[in-house]
Amino acid sequence: MIEVQGLQKSFAVRGAVIRAVDDVSFAARDGEITGLLGPNGAGKTTTLRMLYTLMQPDAGRVLVDGVDPATQPGDVRRRLGVLPDARGLYKRLTARENVVYFGHLHGIAGAEIAARIDRLVAALGMQDFIDRRVEGFSQGQRTKTAIARALVHDPRNVLLDEPTNGLDVMTTRSLRHFLQELRAEGRCVLFSSHVMQEVAALCDRIVVIAHGRVMADGTPDELRARTGRANLEDAFVQVIGSEEGLFS
Amino acid sequence: MSAWWVVLRKELLDAVRDRRMVVVALVVMPLAVPLILAGMSALGTQRQVEKLESTLELPVIGAEHAPNLVAWLGTHDVRVVAAPEDADRAVLRQEHDVVLRIDGNFAGDWRAGRPARLEIVFDSSRPLQSGATVARLRGLLAGYDQQVGTLRLVARGIHPAVAQPLQVGERDVATPGMRFDLAQQMLPYLLLLLAFVGGMQLAIDATAGERERQSLEPLLATPASREAIIGGKILATAAFAMLSVLVTLLMYRAAFALLPADRIDTSLAVPVDALARLLLVVLPVVLLGATVLTALAAFARSHREAQGYLPLLIFLPMLPTLYLMVAPVKTQAWMLAVPFLGQNQLILRILRGEPVTALEWAINLGTGLVLVAMVWWLAARLYHREQLAASG
């Protein structure tokens with residue numbers, strides 16, 4: 001369960017102050033997939049970065065399973081599995097060594113890490129490359145390794161920033177299937193995307209963000225009802241006020 | 001398992017898999033340092049031996065004014081050759097190390113019993129090249145001077161000792177280990193340089209490189225504290241640099257064991273018991289280098305920018321060596337507290353086999369480690385900046 005209340009964050013860029021996130025509130029529930037949808041530059045990544053304690057909010061607060069990252073950042077990071085926008089791997093290590101490293105950093109014992117990796121390898125289809133060095137991996141293999149690394153500590157809450165970026169159709173399909181499994185296990189899944197079709201296909205709830213603000217929040221049906229549009233695509237366009245950056 | 005140890009182990013594994021890094025730090029540098037020093041020493045010894053033992057070819061201007069002197073020089077392994085037109089120019093242009101000019105009135109002065117004039121033309125700004133030759137010629141002329149002077153006194157019925165109110169003897173208290181030459185001055189610098197920047201590749205890869213390949217953000221999203229992450233990285237850098245220094249010292253020892261003893265100044269060899277003490281001396285420098293490099297790499301935006309600071313870092317350990325070359329002073333306690341200068345002094349003293357007191361150790365190690373702690377704190381502060389990870 002992730003709750004976000006009145007989150008704000010500004011950056012000073014060459015003298016000008018840019019409000020990247022301006023009063024964002026929403027909740028992502030356990031056993032649901034919540035999509036953070038918005039055009040590029042809408043403030044999705046900054047919002048997620050504040051959730052996983054990389055950045056301090058200027059105002060507002062975050063609760064992860066009721067725990068406040070401002071006071072207990074370590075506890076919050078343990079409850080979160082994070083696939084950031086930056087998902088670099090160590091190319092001289094094997095995929096397994098990359099994942100084991102993060103398992104150790106989470107303070108998990110070696111045997112438990114091994115068992116956990118076995119399950120993730122099966123679920124993500126990593127059998128062919130788990131023991132190969134990362135150098136030369138395809139984009140899909142990299143993303144799978146990064147996801148395995150993010151979930152090695154069996155977190156209740158999973159944050160993914162644009163998880164399907166740069167993936168081919170088959171990998172995207174298997175990744176969607178994997179996210180649905182995470183939901184079936186009762187986890188709270190929150191992912192960001194600028195691709196409308198992606199969010200429409202997966203999400204139980206959709207939070208639409210533009211210009212650092214929440215423009216709409218609800219199930220796909222609620223969004224259609226609110227805007228009076230039968231077509232979800234039209235509903236999005238109306239909510240955001242432009243078609244810019246929504247389609248890829 | 002502590003996060004420090006996890007990070008340290010991973011960084012070392014990552015470094016060992018980087019063949020280029022390993023070859024440079026553990027093969028090229030350890031080979032280069034002994035080769036440079038042994039080569040310098042061998043060359044120096046050889047030239048010294050050649051200059052002192054071979055026949056000295058001496059251009060003499062006005063040789064016809066002093067045939068006896070010229071003949072005497074001939075019996076002392078000096079071959080007089082034709083003199084150049086302009087002696088000063090020839091010496092300045094390094095065509096000759098030294099030229100002897102015999103005054104035109106030499107014969108007249110000599111017969112009249114007045115001091116006959118000679119002039120040694122040389123270039124004092126090139127002591128390494130011509131110093132030994134000039135000293136040899138001076139020695140020969142002084143010998144002739146004394147010999148003739150003694151004969152003159154005897155011819156006048158005076159005991160030669162009358163003209164020798166003093167008898168000055170010399171006793172050199174330097175032990176063989178204290179012999180000082182250029183190679184020995186270079187060793188502390190090369191050791192300190194290696195200790196200071198030996199872990200550079202690892203530090204840059206572990207911090208600036210981690211940002212560049214975008215692996216820092218996921219790393220900072222783990223429960224491991226930033227202190228632990230940077231601590232592990234600093235210690236990994238230090239361990240790597242220390243290993244590089246150790247291998248270099250061992251190779252250095254091996255080089256002196258392999259090369260023929262008569263070609264090498266054996267006093268430059270490092271005794272086994274000195275090895276451990278040398279490693280202890282460079283320890284604060286290794287840690288300081290690892291922290292400074294990590295801080296710089298955390299500050300720099302990219303690999304390239306981080307490497308841009310390198311010339312500055314190479315210059316730092318050079319300063320005390322240059323200072324000591326210009327002004328070779330007696331060790332004083334405060335010097336041991338100055339980074340690099342203190343280590344430089346201690347390395348020289350260990351190599352020369354001089355004792356180092358417990359207090360001196362305490363001053364040197366204490367101040368070194370305090371400095372490390374300060375830079376470490378700064379590096380950790382840099383690591384807490386938000387912009388560090390959020391570069392994308």
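The values are calculated or read from the model by the stated rules, or taken from the named source; none is laboratory data. Since the structure is predicted, the reported quantities are computational estimates derived from the model, not experimental observations. Note that we place each Cβ from the backbone using ideal geometry, even for glycine, and neighbour counts take in every protein chain shown.
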Scan region A:124-134 and give yes if some residue there is surrounded by fewer than 17 Cβ atoms within 10 Å (Cβ to Cβ) and either closer than 28 Å to A:G74 by Cα or at pLDDT below 90 (or both), otherwise no. no
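How about region A:168-204: which of its residues are in a strand (DSSP E or B) and either of a type in the set (G, A, S) or surrounded by fewer than 20 Cβ atoms within 10 Å (Cβ to Cβ) (or both)?
Result: A:S192, A:S193.
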Tell me yes or no: at least one residue of region A:41-50 is in contact (Cβ under 8 Å) with a residue 60 or more places away in the chain and under 30 Å from B:S2 (Cβ atoms). yes
Given the conditions (1) at positive phi; (2) within 14 Å of chain B (Cβ to nearest Cβ), and given that A:G186 satisfies all but one, which numbered condition is not satisfied? (2)
Cβ-Cβ under 8 Å pairs, at least 6 apart or on other chains, region B:148-169 side loosely packed, with under 11 Cβ neighbours inside 10 Å, far side among the hydrophobic types (A, V, I, L, M, F, W, C): B:H159/B:L153; B:V162/B:L153
Mind checking which residues of region B:212-226 are of a type in the set (S, T, Y) and closer than 18 Å to A:T45 by Cβ? B:S215
Somewhere in region A:114-132, is a residue in contact with a strand residue (DSSP E or B) (Cβ under 7 Å, 6 or more places away or on another chain) and on the phi < 0 side of the Ramachandran plot? yes
Would you pick out the residues in region B:18-40 that are β-branched (V, I, T) and under 26 Å from A:E135 (Cβ atoms)? B:V22, B:V23, B:V24, B:V27, B:V28
Picking from A:R61, A:R78, A:R116, which residue would you name as being under 14 Å from A:N157 (Cα atoms) and more than 14 Å from the chain's Cα centre (by Cα)? A:R78
Give region A:57-71 a look and list any residue that's within 12 Å of chain B (Cβ to nearest Cβ) and touching a residue at least 24 places away in the same chain (Cβ under 8 Å), or say none. A:P57, A:D58
Quick one: in region B:202-221, of everything that is in contact (Cβ under 8 Å) with a residue 24 or more places away in the chain and facing chain A (nearest Cβ under 7 Å), which residue is surrounded by the fewest Cβ atoms within 10 Å (Cβ to Cβ)? B:Q214
So for region A:138-149 (the condition being part of a loop (DSSP other than H, G, I, E, B) and farther than 23 Å from B:W5 by Cα), does at least one residue qualify? yes
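Among the candidates A:R133, A:R87, A:R79, A:R49, which residue alone is within 13 Å of another protein chain (Cβ to nearest Cβ) and over 25 Å from A:R183 (Cβ atoms)? Before you say what the answer is, go through the steps one by one.
Numbers: A:R87 fails: over 25 Å from A:R183 (Cβ atoms); A:R79 fails: over 25 Å from A:R183 (Cβ atoms); A:R49 fails: over 25 Å from A:R183 (Cβ atoms).
Answer to the selection: A:R133.
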Of A:V207, A:V237, which residue is among the β-branched types (V, I, T) and over 28 Å from A:P155 (Cα atoms)? A:V237
Given the conditions (1) within 7 Å of chain B (Cβ to nearest Cβ); (2) within 30 Å of A:G140 (Cβ to Cβ), report the number of the one that A:G74 does not fulfil. (2)
Of the residues that make up region A:103-122, is at least one touching a Pro at 6+ places or on another chain (Cβ under 7 Å), within 30 Å of A:A201 (Cα to Cα), at pLDDT below 95 and among the charged types (D, E, K, R)? no
Could you check, for region A:90-107, whether at least one of its residues is part of a loop (DSSP other than H, G, I, E, B) and either on the phi > 0 side of the Ramachandran plot or more than 11 Å from every other protein chain (Cβ to nearest Cβ) (or both)? yes
